[in-house]
Amino acid sequence: MALYVYKFGGTSVGTAERIKSVAEKVKKAHDTGDQIVVVVSAMSGETNRLVALAKEMQTQPSDRELDVLLSTGEQVTIALLAMALHNLGCEACSYTGSQVKILTDSSYTKARIREIDDAKIRNALNQGKVVVVAGFQGVDEVGNITTLGRGGSDTTAVALAAALKADECHIYTDVDGVYTTDPRVEPKARRLDKITFEEMLEMASLGSKVLQIRSVEFAGKYNVALRVLSSFTEGNGTLITYEDSDMETALISGIAFNRDEAKLTITGVPDLPGIAHKILGPIADANIEVDMIVQNIAEDATTDFTFTVHRNDYLRARDILEQTRQDLGARKLTGDDAIVKVSIVGVGMRSHAGIASTMFKALASEGINIRMISTSEIKISVVVDEKYLELAVRSLHSAFGLEA
Ligand code: ADP
Ligand code: ASP
Ligand code: MG
């Protein structure tokens with residue numbers, strides 16, 4: 001007898017009919033004698049609908065109240081799925097995050113899981129029941145409802161799989177695995193049979209939203225066998241795994257992109273110790289995350305400084321930076337929120353030279369201007385104008401021979 005944690009995303013539970021077919025799939029697995037814990041997301045569009053409703057009440061709603069609101073989406077789905085299972089004659093019991101309980105810190109809207117109490121779930125499993133758990137939500141030490149950030153149901157599933165020492169964690173979604181890039185942007189993208197945790201982590205942090213970053217971190221840390229599969233078609237999907245010697249090491253495993261980018265440049269700043277801190281300190285104090293940072297070599301004792309932030313933080317960051325510019329007597333402040341980041345990822349990069357030049361050549365041949373570059377051991381990212389996103393992804397996909 002094996003124990004599986006299955007997670008079904010928003011599209012997979014998007015209508016009453018789809019919830020019924022999830023119930024059938026779960027029942028079939030349960031009938032073979034395996035123990036099944038199911039984590040579900042809110043029905044597709046529901047979390048966005050709730051966010052929009054909140055914004056009608058207040059432009060910047062309180063994070064605590066947002067979490068109270070957003071957690072309702074998943075509560076609807078767990079109850080409906082339990083009912084659909086009952087209707088098939090399958091014993092099932094639903095739990096919210098706080099009922100389980102999934103204990104988190106108190107960082108509303110981006111809470112981190114601290115501990116999972118598995119007693120109730122084990123008990124129900126031992127009674128032969130399917131256990132249905134609300135994704136994306138938890139509870140803090142004093143009983144406040146928290147949520148884990150967008151896409152957080154993936155993390156609920158992996159954390160439960162780790163806590164229960166499940167045999168495998170299956171993430172069922174609307175694609176049949178992890179692809180070389182988002183198949184919505186490059187229809188020639190190819191499904192990968194396997195991808196390493198390290199590569200998946202980079203892909204997720206660089207914008208591939210097929211798995212929430214934290215779910216991959218968790219899976220790597222607690223050695224959870226993690227697989228991404230389709231809710232709608234049969235197949236083995238993609239296994240996220242440790243690097244092993246017989247894995248064919250492709251140079252590049254995938255291409256990720258992020259549309260949520262904006263950049264800010266301050267020019268003519270004095271080239272003195274402490275300047276980077278004076279520029280970025282107030283940004284950090286405002287709780288704005290900075291991604292890429294570039295500083296030029298000084299000329300005439302002044303230098304230029306550019307960094308990127310999430311597009312939602314662009315206007316706030318620009319206002320803060322304008323104040324800094326005045327304080328420092330810097331020459332000019334410019335910014336652009338119509339940029340995107342495109343990245344190539346692959347562990348094969350470690351042992352091969354010339355990857356960057358292949359990347360830059362491919363972009364140049366399409367006339368795409370690179371605005372910023374950043375590299376790490378297994379990835380190279382470039383910032384380009386938003387209008388080039390699709391072209392950049394497709395030309396890189398072909399330059400590295402990733403097509404099906
Ligand atoms: P769910 O609602 O099931 O959690 P998501 O929308 O969060 O589904 O994730 C699935 C989507 O991720 C796919 O529809 C696809 O467009 C997108 N995606 C982005 N990058 C990739 C990739 N490299 N491989 C597969 N899907 C990707
Ligand atoms: N419903 C939440 C969201 O839309 C969590 C999830 O689906 O994973 O982000
Ligand atoms: Mg998701």
*Search region 319-346 for residues being charged (D, E, K, R) and within 26 Å of the chain's Cα centre (by Cα), and hand back the single one that is nearest to ILE275 (Cα to Cα).*
ASP336
_I'm told ASN312 meets every condition in (1) within 29 Å of the chain's Cα centre (by Cα); (2) of a type outside the set (D, E, K, R); (3) at pLDDT 95 or above except one. Can you identify the failing condition by its number?_
(3)
*Looking at (1) within 11 Å of ligand 1 (Cβ to nearest atom); (2) farther than 16 Å from MET200 by Cβ, which is the only condition VAL132 fails?*
(1)
*In region 263-287, what residues are of a type in the set (A, V, I, L, M, F, W, C) and in a strand (DSSP E or B)?*
LEU264, ILE266, VAL269
*Go through (1) in a helix (DSSP H, G or I); (2) within 16 Å of ligand 1 (Cβ to nearest atom); (3) of a type outside the set (Gly, Ala, Ser); (4) free of Cβ contacts under 8 Å to residues at least 60 places away in the same chain and name the single condition GLU56 misses.*
(2)
*Could you say which residue among VAL133, VAL185 is under 24 Å from LYS110 (Cα atoms) and either modelled with pLDDT of 95 or more or not in a loop (DSSP other than H, G, I, E, B) (or both)?*
VAL133
*Tell me which residues, restricted to region 191-211, are within 16 Å of ligand 2 (Cβ to nearest atom) and under 20 Å from THR375 (Cβ atoms).*
ALA204, GLY207, SER208
*Exactly one condition in (1) surrounded by 12 or more Cβ atoms within 10 Å (Cβ to Cβ); (2) over 30 Å from GLN60 (Cα atoms); (3) of a type outside the set (Ser, Thr, Tyr) is not met by HIS310; state its number.*
(2)
*Within region 241-250, identify whether any single residue is at pLDDT 95 or above and farther than 17 Å from LEU402 by Cβ, and answer yes or no.*
no
*Mind checking whether some residue in region 27-46 is part of a helix (DSSP H, G or I) and under 23 Å from the mean Cα position of the chain (by Cα)?*
yes
*asked:* Kindly evaluate PHE218 against the criterion of being closer than 28 Å to ALA23 by Cα, within 16 Å of ligand 3 (Cβ to nearest atom) and within 14 Å of the chain's Cα centre (by Cα).
replied: yes
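The values are calculated or read from the model by the stated rules, or taken from the named source; none is laboratory data. Please read all numbers here as calculations on a predicted model, not as lab measurements. Please note: Cβ atoms are built from the backbone with ideal geometry, for glycine as well, and neighbour counts cover all protein chains shown.
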